[in-house]
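Notes for the one structure printed next.
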Amino acid sequence: MFYNDDIPIAPLKNHEKELLSIIRKLSQSTSSDGTSQIDISILITATFKLSLTNLERLERTIRWGFSEIIETPTTPHSSAEKPISRPLSWLDLCHGSGFQREKALRATLGPAPNAFFFAIAMRRLNDWAPKVREAARERLSAIAENTNPEFVAEVLCATLPHWVSWGRIEEEDRQVLLEIASINQVSESLKEKIMSATSGPMASVLTQLGRRDIFDFHLNDISKKALQPSVRAKAYRYLLEGKITWCAGREWQWIDQRYGKGRFNPILCNRALTVVTPFLETLQSAAVDRSPIVRRVAGEILIFNLDRLGDAAFPLAEQLASDSSPSLAERGRFILQELEK
């Protein structure tokens with residue numbers, strides 16, 4: 001175990017040990033004018049393959065190894081000499097000093113070299129130093145515009161399902177991320193990832209993106225072509241309900257204060273869609289989807305819209321009643337009984 005900022009870190013996993021070893025091998029050269037330069041090219045190569053999960057541990061691992069590099073002199077000099085200066089790099093976003101992280105964000109570092117380092121930059125919106133969060137709020141959009149949109153989309157897909165748990169992020173910071181998602185090339189990459197992903201929390205990503213009308217015009221395509229049934233189900237629900245509902249956070253509700261019992265309840269918000277699709281046609285399409293998850297949404301919507309559909313509800317109810325899924329067939333029989341009353 002090792003400690004950083006008085007926070008204990010559990011024993012390192014293999015990929016973390018490999019990352020720490022690479023950081024310790026980074027070369028630091030000193031030029032004749034006293035400027036030190038750290039070559040992070042091998043670190044960029046190594047982080048290309050890293051998963052964007054558990055970034056907090058990875059960031060702490062980098063910070064630990066980075067502190068060893070910058071605290072170890074490369075050439076003998078007395079303590080009376082002026083400390084060696086060096087250009088800022090993406091590595092400084094993991095620096096232990098908030099002043100240094102802020103300087104790195106405000107510096108001209110260029111585009112993020114890979115998704116991992118853009119994720120580190122995005123995490124600065126939840127940094128414990130207010131000035132760092134302010135710098136991230138001001139600079140992140142410019143960084144994203146110059147970064148490969150595939151990297152940006154990958155990071156957004158990893159971040160959006162969990163950002164409600166970021167304790168320090170503010171609403172204006174969320175708006176920064178949604179503005180980044182609105183960049184044309186980024187939104188196209190996001191759409192492709194949402195539609196082509198076979199696993200992962202893409203339904204949650206679609207929901208969080210629904211805070212804005214970025215994907216309203218793509219919902220019809222997503223409902224029919226997305227590979228994940230949960231994503232198609234979400235898209236169909238939004239189209240059929242005409243609105244998008246998302247979790248904006250959680251609030252504490254006391255159950256019994258004497259015994260310290262309580263629970264967190266979700267804070268739900270919604271927004272009306274900016275597009276209108278033919279209701280019956282969309283419902284019929286959902287009812288014949290290959291996944292029972294999507295057909296279940298069709299059955300639910302059908303129950304709440306029997307009066308609206310009139311006689312058009314009978315064929316849909318009969319179709320559900322003959323569904324291969326027992327629960328859906330039971331729902332279809334229930335709807336038929338209601339229609340016959």
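The values are calculated or read from the model by the stated rules, or taken from the named source; none is laboratory data. Keep in mind that what you see is a predicted model, and the values were worked out from it rather than measured. All Cβ positions, glycine included, derive from the backbone under ideal geometry; neighbour counts span all protein chains shown. To get the accessible areas, we keep the full protein, side chains included, count just its heavy atoms, and leave off ligands, DNA and RNA. Shrake-Rupley method; radii C 1.70, N 1.55, O 1.52, S 1.80 Å.
What to note about this one:
- Largest first, the extents of the alpha carbon coordinates of the range 85-159 on the three principal axes equal 32, 24, 18 Å.
- Applying the Karplus relation 6.51 cos²θ - 1.76 cosθ + 1.60 with θ = phi - 60° to the range 200-209 yields 3J(HN,Hα) values of x, x, 5, 5, 5, 4, 4, 5, 5, 5 Hz, where x marks Gly and Pro.
- Helix-only [θ]222 nm of the chain, DSSP H runs n ≥ 4, -39500 (n - 2.57) each, per residue, nearest 500: -16000 deg cm²/dmol
- Of the solvent-accessible surface of the range 191-233, computed with a 1.4 Å probe and all protein chains present, 52% belongs to carbon and sulfur.
- The C-alpha atoms of the range 143-221 occupy a region whose extents along the principal axes are 34, 26, 22 Å, arranged from largest to smallest.
- Whole-percent P(r), the range 209-265, all Cα pairs, 5 Å bins from 0: 4, 17, 20, 15, 9, 8, 9, 8, 7, 3, 1.
- Among 100-109, 47-56, the peptide with the highest mean count of other Cβ atoms within 10 Å heads the list, and the full ranking is 100-109, 47-56.
- Calculated FRET value between SER199 and ALA142, using beta carbons and R₀ = 30 Å, to 0.05: 0.40
- Excluding same-chain neighbours fewer than eight residues apart, the aspartates and glutamates reachable from LYS261 by a Cα-Cα span under 18 Å are GLU251.
- Using alpha carbons only: equivalent-ellipsoid semi-axes of the range 272-340, gyration tensor based, whole Å: 19, 15, 9
- Each part gets one Cα centre, and for the range 87-106 versus the range 209-254 those centres are 37 Å apart.
- Take the convex hull of the alpha carbons in the range 206-341; its mean projected area over all directions comes to 10.6 nm².
- Charge dipole of the range 176-272 (Cα centre as origin; +1 on each Lys and Arg Cβ, -1 on each Asp and Glu Cβ, all else neutral): 360 debye, rounded to the nearest 20.
- Calculated P(r) tail over 29 Å for the chain, as whole % of Cα pairs: 53 percent
- Chain lengthening between ILE303 and PHE217 when straightened (0.36 nm per residue, less Cα-Cα): 28.3 nm
- Charge dipole of the chain about the Cα centre (unit charges at C-beta), most positive-ward option of LEU336, TRP254, VAL294: TRP254
- C-alpha long axis of helix 292-304 to longest principal axis of the chain, angle in °: 60 degrees
- Averaged over its residues, the chain has an accessible area of 52 Å² per residue, based on protein heavy atoms and a 1.4 Å probe.
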